[in-house]
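One structure below.
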Amino acid sequence: MTAAYDLFLRELHATGREYGDGFSFIDPQQLTAEERVKTRDALRACIGRQEARAPKTLAVVDPGPDTVALLQVLFKASAGAAAPSDFDIAVAGALAYLVDAPPALDLLERTAVGGGGMWIRGAAMEGLIIAYESSNASARLARLVRTQSDEDALQLCADGLLQRHGWHIEDEATQDEALALLDDMMSGDAARRDAALLTVLKAPVHRWPWTA
């Protein structure tokens with residue numbers, strides 16, 4: 001048994017706080033072919049139970065057309081819900097990660113700046129941050145930066161855009177520039193904000209998972 005699969009099994013059967021932490025990133029190349037199949041099947045079973053921790057991990061472990069089709073069916077089934085659940089947002093985020101899916105991005109954008117709880121707003125923002133490179137997720141985040149009046153929502157959107165393009169406040173290598181750009185985007189000065197946005201949007205999107 002590989003170390004990656006052993007970790008997955010321990011997290012699969014976790015309870016309490018450990019369950020709430022979700023799955024660690026799984027590099028499918030660190031699994032054997034048999035383990036990848038078992039991991040995929042276990043994650044699909046989790047999705048059948050509507051576990052919000054499973055869709056993104058499945059998208060990483062098994063990013064092929066079968067997973068895209070499953071996520072599309074799940075997303076369509078939840079499209080008419082009055083308020084999205086944690087699972088709905090997880091599905092939308094996983095789908096947006098794998099393909100350019102404007103309806104999923106619409107849901108993520110609305111939820112990220114909506115009136116829901118901190119966890120679901122953060123999950124929706126994560127979906128926008130890691131969305132498919134050629135999608136318009138960056139343009140959506142830039143528009144939100146220009147339009148948010150609530151300081152917390154503005155900071156969430158500005159930091160999300162920075163992360164999408166490779167600036168991470170917690171990373172010493174990018175911290176100083178990230179903080180300067182964040183300050184400009186939150187300054188209330190339209191010229192400073194737009195100059196910072198231009199700098200960020202000119203940089204390439206960094207495909208998640210990020211590596212050093």
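The values are calculated or read from the model by the stated rules, or taken from the named source; none is laboratory data. Just so you know, these numbers come straight off a predicted model, no measurement behind them. So basically every Cβ, Gly included, is an ideal-geometry build from the backbone, and we count neighbours across all protein chains shown. Just the protein is used for accessible areas: all its heavy atoms, side chains included, with ligands, DNA and RNA removed. Shrake-Rupley method; radii C 1.70, N 1.55, O 1.52, S 1.80 Å.
Brief remarks on what is shown
- Checking the stretch 36-49 against the condition returns a match, with at least one residue being modelled with pLDDT of 95 or more and among the acidic types (Asp, Glu).
- Scanning the stretch 13-40 for residues that are over 21 Å from the mean Cα position of the chain (by Cα) and surrounded by 11 or more Cβ atoms within 10 Å (Cβ to Cβ) yields a total of 8.
- Members of the stretch 64-78 that are open to solvent by 40 Å² or more (accessible area, probe 1.4 Å) and touching a residue at least 12 places away in the same chain (Cβ under 8 Å): Leu70, Gln72, Leu74
- Restricting attention to the stretch 120-179, the residues being open to solvent by less than 40 Å² (accessible area, probe 1.4 Å), over 28 Å from Ala54 (Cα atoms) and either in contact with a His (Cβ under 8 Å, 6 or more places away or on another chain) or among the polar types (S, T, N, Q) (or both) number 2.
- Of all residues in the stretch 1-12 being surrounded by 11 or more Cβ atoms within 10 Å (Cβ to Cβ) and in contact (Cβ under 8 Å) with a residue 12 or more places away in the chain, the one that is farthest from Phe87 (Cα to Cα): Thr2
- Considered as a group, the residues in the stretch 180-204 that are of a type in the set (Asp, Glu) and farther than 25 Å from Tyr132 by Cα include one that is least open to solvent (accessible area, probe 1.4 Å), and that residue is Asp184.
- Given (1) open to solvent by less than 20 Å² (accessible area, probe 1.4 Å); (2) within 11 Å of the chain's Cα centre (by Cα), index of the condition Ala101 fails: (2)
- Helices (runs of 4 or more DSSP H) (entirely within the stretch 40-127) containing at least 3 residues that are among the small types (Gly, Ala, Ser), in contact with a Lys or Arg (Cβ under 7 Å, 6 or more places away or on another chain) and closer than 22 Å to Gly22 by Cβ: 86-98
- A count restricted to the stretch 45-59 and to residues that are open to solvent by 80 Å² or more (accessible area, probe 1.4 Å) and of a type in the set (D, E, K, R) stands at 1.
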